[in-house]
Amino acid sequence: MPSTTRSRSLPKPIKNKWPPFISIAFATFRPPDRITVSEWADKYRILDEKSSGAPGPWKTSRVPYLRQIMDAFNDPEIEDIVFCKGSQLGGTEAEYNMLCYAVDQDPGPVLIVYPTEKLAEAASENRIEPMMLLSPAIKDKYDKRASEKLELQFSNSYIALSGANSPSSLASRPVRYVFFDEIDKFPRWAGNEANPIALAEERQKTFYNKKTVKVSTPTTKQGNIWRAYESATVRMRYHVPCPYCGHEQELTFAGVKWPKGMDDPQMIRYAAWYECGKCGQNIDDRHKMEMLRRGQWKAENTPRGRIRSIGFHLNSIYSPWLTFGDVAAKFISVKDVQEDLMNFINSWLAEPWEEKAATMDRDSVMEKQTESPEGLVPEWAQMLTAGVDVQENRMYWVVRAWGARMTSQNIAHGVVETWGALEQIMNRRWPDPQGELRWQVNFCAVDSGYDTETVYEFCLMNQEWAAPVKGASNPMMQRYRKSSIDNPGSKTHGQALYIVDTDQYKNMIAGRLCRPIGIGGYMVHSDCDLDYASQLTAEHKIRTRKGNREIDTWVKKISNAQNHYLDAEVYAALAADLLHVRYLEDLSEAPPVPEPTPMAPAPNWIRADENFLRR
Ligand SMILES: [Zn+2]
């Protein structure tokens, strides 16, 4: 047969001509092919049936967001690649592609660190070795006979595997590449014990061209992957274009929507959609793949100097294997069990979980709906205040009625796009229960954090009822402080400006929300919507460190959640404070009913068994 003849005439392969140590040297000094990790994977990587849902040749086009992550491995400047990810995104496979590429194209000793040695053994047997044997490019380099479970030998390098729980295995020979898998599941180490991450990295010292890859779902802000992501020179987020308006945006949980009032996970799974953050159109799952293809990574910070480390963050909403409905349904089914919710936030949203010092929930707001419809000022009210949160292209406003003993109720809220429209609302007449239009907003506090100049001018022109406010950057002793606008040469110079400690007002709102409807309650009108309730409760209070002090502070439960109505209510509460709401007197004609005191003992001259009181 001609082919046999031809192959016979070929020169013998070099490896048979030279002693093994020479051929190893040849292989080691061979310059790498000019291909990237993603090109390599498309050419050589085969997914096996055992561990992959879609066995067969790897296709980067199915997971377009992984391309730049993998190809960061080819950038000679970058030493650290950090991937903080949700589940079902192909993140581990991307890490394995980099590993295979290193073995085949740019060999050097490799260390892979798993949370435990047991996991390392299992990964070696079930994942790494089968993967090497399936790749036509690597198979021939693998020396099975010389290999052990925790050390795989190749003709030109080796892969050592170890567990973060076994420090001795981490501190031996030098390595060029270190891969950390599920780095947030590494066991905690105490003060005197060696940090397994530092130990592993210590071994790379002698390599000028070293590379470290860290991949994990996050746990807390203090966890390994979140700290690594936060300290990366450049941090990347994936932006995809809206199929309707082209606006490039991150997919966040705040954009996942389902019909109002629906709470059955199965129904939500089929009814959910994604709402464009710009045009508000409903994006459905058919659009997703094309959006992913046209997506691009964008830096969320401006890096200074050389980029040595690059961090990528991606949540599971991007997964080609999950629908928007899957994400919404998952949330609905876990939201009431703290542990499950924590898992959802970590593994699906790729967000760190915060231990809460206090929290508010949407349902507790919806339960505070009184009989009084939207726009009607209740009988007990003595003043109306308003708060406005200013955003780029719109303003969120609330109007709240206040009475004695801090009793309050949101009587209306909404969104306007112009200052004229806002002015109209603040000058509107609101009816009392008899239908008499005798109410008007007494005072309104307007957030000046955004579009500051316009806010100042608006408040100057309406100074009888409006004042600008600014959140304090540090905790304050008082709830607010009166300051003045420092704007020399401007007509707003010297106008009052209120600095507000928003955390103190959020504490107040959270505390009041614990009370039932009635005196002292924090209530809403009978037509209150879920969006308002969600925004009002979008934050929780967590314990965090500031310098060497521990402080409690309110932060969003999920980053990118909408909290505009909460801010607006904080300002409305400040406005009420400025009008001395605390000192309003009870105007009802009936004499005040004394509070029941359940803990007070019965007078000892009435015995419990005496029943003369009934007569
Ligand atoms: Zn759009």
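Take the residue pairs Lys59/Lys278; Lys330/Lys557; Lys368/Lys541; Lys491/Lys556 and return only those whose Cα atoms are more than 25 Å apart. Could the numbers behind the result be given before it?
Working: Lys59/Lys278 32 Å; Lys330/Lys557 17 Å; Lys368/Lys541 21 Å; Lys491/Lys556 36 Å.
Too far apart for the 25 Å limit: Lys59/Lys278; Lys491/Lys556.
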Counting only residues 5 or more apart in sequence or on a different chain, those whose built amide H sits under 5 Å from that of Thr220 are Trp353
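Of the listed peptides 336-342, 533-539, what is their order by residue-averaged count of other C-beta atoms within 10 Å, with the highest listed first? Could you put the intermediate results ahead of the total?
Details: 336-342: 12.3, 533-539: 23.9.
Highest to lowest by the protection proxy: 533-539, 336-342.
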Determine the distance separating the Cα centre of segment 397-458 from the Cα centre of segment 147-221; give it in Å without decimals.
-> 58
Cysteines of the chain lacking any other cysteine beta carbon under 4.7 Å?
-> Cys84, Cys100, Cys444, Cys459, Cys514, Cys528
Karplus-derived 3J(HN,Hα), 6.51/-1.76/1.60, for each residue of segment 470-481, Hz, glycine and proline x = 9, x, 6, 7, 10, x, 10, 5, 8, 6, 8, 9
Cβ-defined net charge surrounding Thr206, 13 Å radius [Lys, Arg +1; Asp, Glu -1] = +3
How do 503-515, 101-113 rank on mean C-beta neighbours within 10 Å, highest first?
-> 101-113, 503-515
Inter-label distance for Glu374 and Asn282, nm, one decimal - labels placed 7 Å from Cα along Cα-to-Cβ = 2.0
Taking θ as phi - 60°, what are the ³J(HN,Hα) couplings along segment 221-227 by the Karplus curve (6.51, -1.76, 1.60), each to the nearest whole Hz, with x for Gly and Pro?
-> 5, 8, x, 4, 6, 5, 5
Could you run the Karplus curve 6.51 cos²θ - 1.76 cosθ + 1.60 with θ = phi - 60° over segment 390-402 and give me ³J(HN,Hα) per residue in whole Hz, x for Gly and Pro?
-> 9, 10, 3, 10, 7, 10, 9, 10, 9, 10, 10, 8, 10
Computed accessible area, Leu437, all protein chains, 1.4 angstrom probe, square angstrom = 100
Near Lys149, which lysines are there with a Cα under 25 Å away, not counting those fewer than 8 places off in the same chain?
-> Lys50, Lys118, Lys139, Lys141, Lys185, Lys210, Lys211, Lys214
Theoretical FRET efficiency, 1/(1+(r/R0)^6), r = Cβ-Cβ of Ala421 and Glu151, R0 51 Å, to 0.05 | 0.15
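The values are calculated or read from the model by the stated rules, or taken from the named source; none is laboratory data. Fair warning: this is a prediction, and the values are worked out from it, not measured in the lab. Here Cβ is always computed from backbone atoms with ideal geometry, including for glycine, and neighbour counts include all displayed protein chains. Calculation scope for accessible area: heavy atoms of the full protein, side chains included, ligands and nucleic acids excluded. Shrake-Rupley method; radii C 1.70, N 1.55, O 1.52, S 1.80 Å.
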